[in-house]
Amino acid sequence: MGRVRRSPLPDPQAGNLQAPNPRGPNPRGPNPQGRGNVGVDVQRERGVGTVVRGTAEGNIYRSRDGNTRLDAEGHYSRVLNGPARGQRDYGAGIRFSHRW
């Protein structure tokens, strides 16, 4: 297997990009412009191996006043090599929120 090169993480302050969160989707939800977020992370975990994680989230619905919204998220990870080679984890969800 070839070498894995890690590119620097995007600067969250520079535009709409946000750094990927290895623990899953951004708890604050998609960015305010409603464009969503996508993140990919590759890292070595001691006793596990090389893990690749991907997350995505986006807005499905937002009311005209912006107080009600429905967001979707998904994540996938896989261990490429090491003691836990082949293990996978994935999931998806929908988040509803309303501000009074």
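Structural remarks
- Condition broken by Asn26, with the remaining ones in (1) closer than 27 Å to Arg85 by Cα; (2) modelled with pLDDT of 85 or more satisfied: (2)
- Note on the range 42-77: residues that are surrounded by fewer than 17 Cβ atoms within 10 Å (Cβ to Cβ), of a type in the set (D, E, K, R) and either within 17 Å of the chain's Cα centre (by Cα) or not in a strand (DSSP E or B) (or both) total 3.
- With respect to being in contact with a Gly (Cβ under 8 Å, 6 or more places away or on another chain), among the small types (Gly, Ala, Ser) and over 18 Å from Gly39 (Cβ atoms), Ser97 fits the description.
The values are calculated or read from the model by the stated rules, or taken from the named source; none is laboratory data. Every value quoted in this text rests on a predicted model; they were computed, and no experiment measured them. Cβ: placed from backbone, ideal geometry, glycine included. Neighbour counts: every protein chain shown.
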